[in-house]
Amino acid sequence: MPYPDKFTGFQVNGPETWTEFHKNEFQPKPFGDYDVDIKIEACGVCGSDVHTISGGWGKQHFPLAVGHEIVGTAIRVGPKVTLIKEGERVGVGAQSWSCLDCRQCKNDNETYCRQQLDTYGAKWPDTGIISQGGYSSHVRTHEHWVFPIPAALPTTHAAPMLCAGLTAYSPLVRNGCGPGKKVGIVGLGGIGHFGLLFAKALGAAVYVISRTHAKEADALAMGADGFIATSDANWNEPHVMTFDLIINTANSFEGWDIDRYLSLLDVHAKWVSVGLPEGEEGIRVRNQTFLGNGCFFGSSHLGSRREALEMLELAAEKGIKPWVEEVEIGEESLKKTLVRLEGNDVRYRFCLVGYDGVFGS
């Protein structure tokens with residue numbers, strides 16, 4: 001079959017017009033020995049997409065098609081590809097390259113490679129071509145970052161797992177989430193709801209921590225063992241020094257009393273932040289905050305190939321069902337969807353579908 005020389009995608013021209021999407025052809029990077037071409041069938045809509053095209057995360061390369069929760073069919077594989085077969089249903093997340101040779105890459109920490117490249121908005125060093133994401137007809141990706149999708153997982157469930165899901169899953173498994181552990185998930189959004197679903201699947205007792213009680217019913221419906229609203233008086237007191245791990249997925253720290261949050265942790269327990277709010281202000285803490293329980297404070301970035309494959313298998317085995325709203329891809333629907341996402345009007349993940357209708361079969 002003939003392979004497309006150029007791909008087509010819905011691109012934004014800059015942050016001043018970030019809600020205006022234009023269907024354009026673009027040139028992908030040259031096809032390499034280890035590359036896989038994927039005909040896209042669905043793509044999750046991530047908060048990163050809004051932060052990127054609106055300028056919230058700083059200067060970007062435009063025109064740009066975002067989207068890094070991609071599922072489709074492998075239609076072409078390079079001569080040295082061994083991990084993926086042509087015709088296989090596969091997925092691509094937020095990372096598409098690293099050196100695979102450094103200490104980090106050799107220890108299943110390729111997300112932390114100093115040379116890592118993102119699925120969209122990255123400049124390929126050999127050509128200067130800017131990587132384009134999943135609001136497109138196709139994506140070209142090194143096999144290491146192409147993941148087979150288990151047959152039991154629906155496409156629109158698997159797609160949002162490839163960024164939001166992995167961002168929650170990796171810090172859970174790296175920090176001991178499992179039976180006998182009490183785990184907190186701060187924020188019930190796209191990432192947070194995956195944190196709840198995966199922590200429960202791993203066997204932990206899971207509490208959602210949110211500003212108000214607005215999402216309490218949803219959290220309990222997803223399987224939460226408890227719900228804590230920080231707008232309640234003395235909200236932390238019943239749970240001081242009882243949590244083994246807290247994953248913070250919140251996208252805003254406005255009005256936070258971080259000392260109260262950290263007081264929830266047991267001795268030497270961990271707080272791991274994965275949310276990336278816009279602007280230069282972050283969480284400010286005092287050394288004295290850590291003295292009461294000796295807790296640890298850190299972060300996590302995406303996850304490794306090994307973790308992505310484990311996550312997808314766990315989701316298939318346990319029948320994990322994320323809360324997904326499907327949206328037909330197109331200029332107007334993208335505008336409405338991204339505006340809704342910016343306003344937190346989604347429960348709890350959008351997924352773009354209808355690719356054949358706009359890009360052809």
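Side notes on the structure shown:
- Every residue from region 118-137 that is open to solvent by less than 30 Å² (accessible area, probe 1.4 Å) and either of a type in the set (S, T, Y) or assigned to a strand (DSSP E or B) (or both): T119, Y120, S131, Y135, S136, S137
- Taken over region 1-44, residues that are part of a helix (DSSP H, G or I), under 22 Å from the mean Cα position of the chain (by Cα) and among the polar types (S, T, N, Q) amount to 0.
- Selection count, region 87-110, where residues are in contact with a strand residue (DSSP E or B) (Cβ under 6 Å, 6 or more places away or on another chain) and farther than 21 Å from T156 by Cα: 1
- Hey, N344 farther than 25 Å from V139 by Cβ, more than 19 Å from the chain's Cα centre (by Cα) and not acidic (D, E) or not: no
- Filtered residues of region 172-194 (kept if part of a strand (DSSP E or B) and either open to solvent by 20 Å² or more (accessible area, probe 1.4 Å) or not hydrophobic (A, V, I, L, M, F, W, C) (or both)): K182, G184
- Residues of region 240-249 satisfying the condition of being out of contact with any helix residue (DSSP H, G or I) (no Cβ under 8 Å at 6 or more places or on another chain), touching a residue at least 40 places away in the same chain (Cβ under 8 Å) and open to solvent by 10 Å² or more (accessible area, probe 1.4 Å): M241, T242, D244
- Of all residues in region 151-171, those that are open to solvent by 10 Å² or more (accessible area, probe 1.4 Å) and small (G, A, S) total 2.
- When restricted to residues that are over 26 Å from S252 (Cα atoms) and open to solvent by 20 Å² or more (accessible area, probe 1.4 Å), region 281-325 contains 11.
- Which listed residue, of A224, A233, is free of Cβ contacts under 8 Å to residues at least 60 places away in the same chain, in a loop (DSSP other than H, G, I, E, B) and in contact with a helix residue (DSSP H, G or I) (Cβ under 7 Å, 6 or more places away or on another chain): A224
- Pairing each residue of region 56-81 that is free of Cβ contacts under 8 Å to residues at least 40 places away in the same chain with any residue that is open to solvent by less than 30 Å² (accessible area, probe 1.4 Å) and part of a strand (DSSP E or B), provided the two are 6+ apart or on different chains, yields C-beta distances under 8 Å for T73/I38; T73/V90.
- Pair list, Cβ under 7 Å, 6 or more apart: region 312-340 residue over 15 Å from T19 (Cβ atoms), other residue polar (S, T, N, Q): V324/T156; E326/T156
- Checked against (1) open to solvent by less than 20 Å² (accessible area, probe 1.4 Å); (2) acidic (D, E); (3) over 30 Å from G343 (Cα atoms), D49 meets all criteria but (3).
- So S300, is it over 21 Å from the mean Cα position of the chain (by Cα) and among the hydroxyl-bearing types (S, T, Y): no
The values are calculated or read from the model by the stated rules, or taken from the named source; none is laboratory data. None of these values were measured; they are calculated from a predicted model. So basically every Cβ, Gly included, is an ideal-geometry build from the backbone, and we count neighbours across all protein chains shown. With ligands, DNA and RNA removed, areas are computed over all heavy atoms of the protein, side chains included. Shrake-Rupley method; radii C 1.70, N 1.55, O 1.52, S 1.80 Å.
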